[in-house]
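One structure is given here, and the rest of the page talks about it.
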Amino acid sequence: MSEHIVPPKVYIGIFLSLMVLTAVTVAAAFVSLGPFNVVIALAIATLKATLVVLYFMHARYSPKRTQLVIISAVFWLAIMLALTMSDYASRHPEVSLTPPAVHVVSA
């Protein structure tokens, strides 16, 4: 089985991309985007994870069966997240997990 040899320039480029995306993540943390802060942070994290899996774990140059396993795992993760979010969204907003506040009356 022959292995694909990746030139060092590719690794340096990916490393620099990861550093830039880390800086973007930190910068995005200081910007108030309301509910989109989480969306932006997750999008950047997904992009960084994709770069790591594709290049540092050599998934880009792996056989098609390995790529199918990776895609299946991501698809399964998406199913589980969708089920979790649908369960969370279906809960009643008036139900709280925190105990009610206790009022102390002094005599």
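The overall shape of segment 43-82 is oblate: from the C-alpha gyration tensor, with semi-axes ordered a ≥ b ≥ c, the ratio a/c is 1.5 or greater and a/b is no larger than b/c. Pop the C-beta distance of Arg91 and Ala49 into the FRET formula with R0 = 41 Å and round what comes out to the nearest 0.05. It comes to 0.90.
Over the Cα atoms of the chain, Rg to Rh with Kirkwood Rh, two decimal places?
Numbers: Rg = 21.8 Å, Rh = 18.1 Å.
My calculation puts Rg/Rh at 1.20.
Which value at 222 nm does the chain reach when only helices count, each DSSP H run of 4 or more adding -39,500 (n - 2.57), with the total divided by all residues and rounded to the nearest 500 deg cm²/dmol? List each step's numbers first, then the result.
On the way: 3 runs with 64 residues, N = 107.
So the calculated ellipticity at 222 nm is -21000 deg cm²/dmol.
Membrane-span-like helices in the chain (whole DSSP H runs, Cα extent of at least 24 Å along the helix axis, mean Kyte-Doolittle hydropathy of at least 0.0): 8-29, 64-89.
Length gained on full extension, Ala73 to Phe15, computed as 0.36 nm times the residue gap minus the Cα-Cα distance: 18.4 nm. Once the chain from Val104 to His58 is taken as fully extended at 0.36 nm per residue, the excess over their C-alpha distance is 10.3 nm.
Potential lengthening of the chain between Val38 and Thr25 amounts to 3.6 nm, from the contour at 0.36 nm per residue minus the alpha-carbon distance. Highest mean packing first, where packing is the average number of other Cβ atoms within 10 Å per residue, the peptides 45-54, 18-27 line up as 45-54, 18-27.
When each of the peptides 67-77, 28-38 is scored by how many other beta carbons lie within 10 Å of its residues on average, the order from highest to lowest is 67-77, 28-38.
Since every read-out is calculated from the coordinates, none of them should be taken as a lab result. Small disclaimer: the values here were computed from a predicted structure and weren't measured. Here the Cβ is made from the backbone with ideal geometry for all residues, glycine too, and neighbour counts use every protein chain on show.
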